[in-house]
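The values are calculated or read from the model by the stated rules, or taken from the named source; none is laboratory data. What you see is a predicted model, and the numbers here were worked out from it, not measured in a lab. Cβ sites come from the backbone with ideal geometry, for glycine too, and all protein chains shown count toward neighbours. Just the protein is used for accessible areas: all its heavy atoms, side chains included, with ligands, DNA and RNA removed. Shrake-Rupley method; radii C 1.70, N 1.55, O 1.52, S 1.80 Å.
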Amino acid sequence: SMQTSGNSPCSCPRLKLREVASMYFTMTAVFLVILVVALQGLAPRGSDFPYKVSLDPEGLLELSWNVSYPEQVVNFQLLIRDLKFGLLFGMSDRGEFEDADLAVLWSDGHNSYFGDAWSDAKGQLHMDSQQDYQLLGARRDPEGFYLLFRRAFSTCDPKDYLIEDDTVHLIYGILEKPVLSLQAINISAIPTGLQRVQLLKPNITVPEMPSNTKTKDITVLNVVIPSQETTYWCSMTELPENFPKHHIIMYEPVITPGNEALVHHMEVFQCAGTFNSFPHYNGPCNATMKPDQLNYCRHVLAAWAMGAQAFYYPEEAGLPFGGPGFSRYLRLEIHYHNPLVFKGRRDSSGIRLYYTDTLRRHDAGIMELGLVYTPVMAIPPGEDAFVFTGYCTDKCTQLALPAAGIRIFASQLHTHLAGRKVVTVLARDGREQQVVNSDMHYSPHFQEIRMLKEIIAVFPGDELITTCTYNTEDRSSVTVGGLGIMEEMCVNYVHYYPQTQLELCKSAVDPGYLHRYFNLVNRFNDEEVCMCPQVSVPQQFSSVPWNTFNKDVLKSLYDFAPISVHCNKSSAIRFPVRTASLPKLPNKTPSCR
């Protein structure tokens with residue numbers, strides 16, 4: 001039982017080994033499974049779970065998992081360091097506790113139970129008539145209580161979450177008191193939280209590291225993490241002078257032990273080669289003292305987010321590092337997430353680069369797809385799913401890609417705070433060929449470079465179409481495109497080889513058609529938008545009265561007006577591509593779930 005005499009929770013639950021099969025089949029109306037303890041030797045070892053993440057900011061709940069693609073299941077191991085009377089663990093669309101899919105371990109003070117449950121739109125728990133979280137075992141170790149269970153990707157149960165290879169919002173709740181039944185659990189009265197991960201990691205064979213591989217740690221040095229919920233910390237590093245060309249072939253996170261739950265994500269940026277030197281700065285990225293020059297360090301070399309493992313380049317390619325024209329200056333940016341506002345925590349985390357002077361066959365490159373950063377793309381307030389589409393057109397790929405094409409092997413999706421979904425598809429001859437990367441549960445708070453399950457070939461004349469969906473229900477004024485955090489972006493940084501001169505292949509609506517939109521708004525409303533040249537586009541948008549008509553016409557403008565295409569070399573010179581009419585949208589082939 002999980003309870004000794006008196007009311008104090010026992011720190012060491014003695015779980016009785018019971019034969020449950022007969023009870024389970026004779027009492028089919030009861031879907032409770034009394035917790036069965038796997039004997040020590042039967043449970044998988046820790047090394048069998050390559051992926052690991054702390055669910056809570058204190059690190060008391062540690063989730064490890066592995067993925068079996070042949071069986072289409074995820075195996076979970078949950079370490080509960082301080083088990084009281086049970087735990088809720090599950091998944092939901094965006095991390096809410098309503099309409100969630102849950103595995104629940106609970107105790108009434110005498111016996112322990114485990115079951116698959118779901119919550120309704122009011123957050124009330126119900127036992128699921130189809131039990132899809134399968135208990136593998138439980139054991140107590142000195143470090144805590146281990147619970148092992150598995151779940152199929154797809155269960156064909158309408159109450160269950162469909163696990164796909166995009167971001168998954170994991171949720172948890174801690175039971176601090178005994179509960180008489182599953183229905184008696186009141187979610188609003190227990191400590192709860194959320195963690196984002198990509199559960200279905202691609203099954204990539206790890207390439208061999210050459211014997212002359214060197215490492216460089218790009219880290220902060222003994223920084224005191226500020227005692228506030230969110231901090232972006234910037235730190236400059238420089239490479240030695242005349243550092244010759246190498247290839248980065250892998251990188252991995254280096255996290256200070258004890259800070260695993262605080263280091264949310266990290267990025268290493270290369271600075272622009274146009275400056276001979278950059279100031280040595282080490283401090284918050286938003287501080288007034290931060291030198292403006294750091295804004296010219298925007299070229300992503302490496303990015304890591306919580307739950308991600310090492311990042312490997314394919315055997316035939318490496319990322320250029322050093323050599324002529326390569327800036328020696330790098331900027332490390334760390335996002336600390338400190339919701340419990342710990343004070344005085346010291347950190348020396350960062351990213352370890354693995355590089356070699358034995359160059360691989362191809363240089364890898366990074367290309368920006370999606371929308372140009374421009375205020376002509378705007379999202380009205382109060383929208384639950386407003387859609388933007390950015391085009392890398394056939395004309396641009398025809399001009400800029402080599403005849404043999406390029407190979408995309410990784411992708412990092414990016415929006416600001418209103419972004420909810422991002423998808424890039426490859427189209428050929430006006431028909432959708434395949435999805436390059438899709439995240440239907442995208443979160444701006446979880447942006448990692450993801451290795452793709454399969455390498456995607458793109459040829460001259462192909463199109464890459466990136467669609468972003470936004471939610472502005474919490475905003476009362478318009479959101480325009482731009483660089484600021486309250487402005488929006490729609491970007492997919494694709495990692496590919498061989499490197500070309502094409503760094504940016506994006507679009508936006510033709511500004512002349514936006515002028516026509518404002519004229520139309522004025523015709524149907526009392527001339528509210530000033531059309532004089534000195535008034536900026538954001539000012540014009542902010543004076544639009546956002547009624548249904550004006551919103552719908554703007555949607556139509558973005559769907560049907562001609563676009564302006566940006567097809568840029570790294571020197572920011574454009575390949576000569578003129579305004580294009582919208583390409584034919586690919587025919588969607590329905591997929592059966």
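Kindly express, to the nearest 10 degrees and within the range 0 to 90, the angle between helix 511-524's C-alpha long axis and the longest C-alpha principal axis of the chain.
Its long axis makes an angle of about 80 degrees.
Is any residue of the stretch 390-418 close enough, with backbone N under 14 Å, to a label point placed 7 angstrom from the Cα of W546 along the Cα-Cβ axis, and if so, which?
Correct set: 418.
Stretch I485-N525 to full length: gain in nm at 0.36 nm per residue minus the Cα-Cα span?
Difference between extended and current length: 11.3 nm.
Obtain the nm distance between the two label points defined at S536 and A184 by a simple spin-label model: each point lies 7 Å from its Cα along the Cα-to-C-beta direction.
6.0 nm
State the label only: which of (i) 45.5; (ii) 28.5; (iii) 30.8 corresponds to mean projected area of the Cα convex hull in nm² computed from the shown model?
Label of the calculated value: (iii).
What shape does the stretch 51-197 have by the C-alpha gyration tensor, where a ≥ b ≥ c are the square roots of the eigenvalues, rounded means a/c under 1.5, and otherwise prolate means a/b greater than b/c and oblate the rest?
rounded
Which pairs, out of K216/K290; K216/K343; K506/K551; K395/K555, put more than 28 Å between their alpha-carbon atoms?
In this structure, K216/K343 exceed 28 Å between Cα atoms.
Report, by chain and number, residues whose modeled amide H sits under 5 Å from the one on G365, excluding near sequence neighbours (fewer than 5 apart, same chain).
It is Y496, Y497, Q499, by chain and number.
If you take every DSSP beta bridge whose two residues both sit in the stretch 365-580, what share of them, in percent to the nearest 5, is antiparallel?
90 percent
Quick one: helix 548-560 against the long Cα principal axis of the chain, what's the angle to the nearest 10°, folded into 0 to 90?
70 degrees
Under a point spin-label approximation (7 Å from Cα along Cα-to-Cβ), what is the R361-K343 distance to one decimal in nm?
Rounded to a tenth, the inter-label distance reads 5.9 nm.
Of the heavy-atom accessible surface of the stretch 214-361 (probe 1.4 angstrom), what whole percent is carbon and sulfur?
So the carbon and sulfur contribution to the accessible surface is 49 percent.
Can you compute the modelled spin-label distance between D93 and F49, with each label point 7 Å from Cα toward Cβ, in nm?
Distance between label points: 3.0 nm.
Excluding ligands, DNA and RNA, what is the solvent-accessible area per residue of the chain at a probe of 1.4 Å, expressed in Å²?
45 Å²
State, as an integer percentage, the relative contact order of the chain based on alpha-carbon contacts under 8 Å between residues 6 or more apart.
12 percent
Set the Förster radius R0 to 51 Å, insert the Cβ-Cβ distance between K290 and N111 as r into 1/(1 + (r/R0)^6), and round the FRET efficiency to 0.05.
My answer for the efficiency is 0.30.
Under 5 Å between amide H atoms, partner at least 5 residues away or on a different chain: which partners does T479 have, H built in plane at 1.01 Å?
Amide H neighbours of T479: I379.
Find, to one decimal place in angstroms, the Kirkwood hydrodynamic radius of the stretch 365-580, where the mean of 1/r is taken over every pair of different Cα atoms and then inverted.
About 17.8 Å for the stretch 365-580.
If you take every DSSP beta bridge whose two residues both sit in the chain, what share of them, in percent to the nearest 5, is antiparallel?
95 percent
Note down the net charge around F278, summing +1 for each Lys or Arg and -1 for each Asp or Glu among other residues with Cβ under 13 Å from its Cβ.
Net of charged neighbours comes to +2.
Out of the trypsin sites (Lys or Arg not before Pro) in the stretch 333-413, which ones are loop residues according to DSSP with at most 14 other C-beta atoms within 10 Å?
Those satisfying the criteria are K343, R361.
Straight-line reach from K214: which aspartates and glutamates have Cα under 15 Å away, leaving out those fewer than 8 places along the same chain?
Answer for K214, where 15 Å is the Cα cut-off: E252, D357, listed by chain and number.
Tell me, what is the FRET efficiency for L136 and Y69 to the nearest 0.05, using R0 = 22 angstrom and their Cβ-Cβ distance as r?
That gives a FRET efficiency of 0.75.
Give me the percent of accessible area attributable to carbon and sulfur for the stretch 51-197, probe 1.4 angstrom.
Reported share for carbon and sulfur atoms: 48 percent.
What's the local net charge at P460, with K and R +1, D and E -1, over the other residues with C-beta under 13 Å away?
Charge balance in the 13 Å sphere: -2.
Provide the three semi-axes, in whole Å and in decreasing order, of the ellipsoid equivalent to the stretch 214-361 as defined by the square roots of 5 times the Cα gyration tensor eigenvalues.
Equivalent ellipsoid of the stretch 214-361: 27, 19, 11 Å, largest first.
Would you work out which of F459, G193, I563 lies farthest towards the positive end of the dipole of the chain? Charges go on Cβ: Lys and Arg +1, Asp and Glu -1.
F459
If R0 is 41 Å, what FRET efficiency do you get for N276 and I204 from their C-beta distance, rounded to 0.05?
Taking R0 as 41 Å, the efficiency between N276 and I204 is 0.55.
So what's the back-of-envelope 222 nm ellipticity for the chain, counting only DSSP H runs of four-plus at -39500 (n - 2.57) apiece and dividing by all residues, rounded to 500?
After summing the helix terms and dividing by residue count, I get -2000 deg cm²/dmol.
Check the straight Cα-Cα distances from K122 and name the lysines below 19 Å, setting aside those fewer than 8 residues away within the same chain.
Once the sequence-local lysines are set aside, what remains near K122 is K159.
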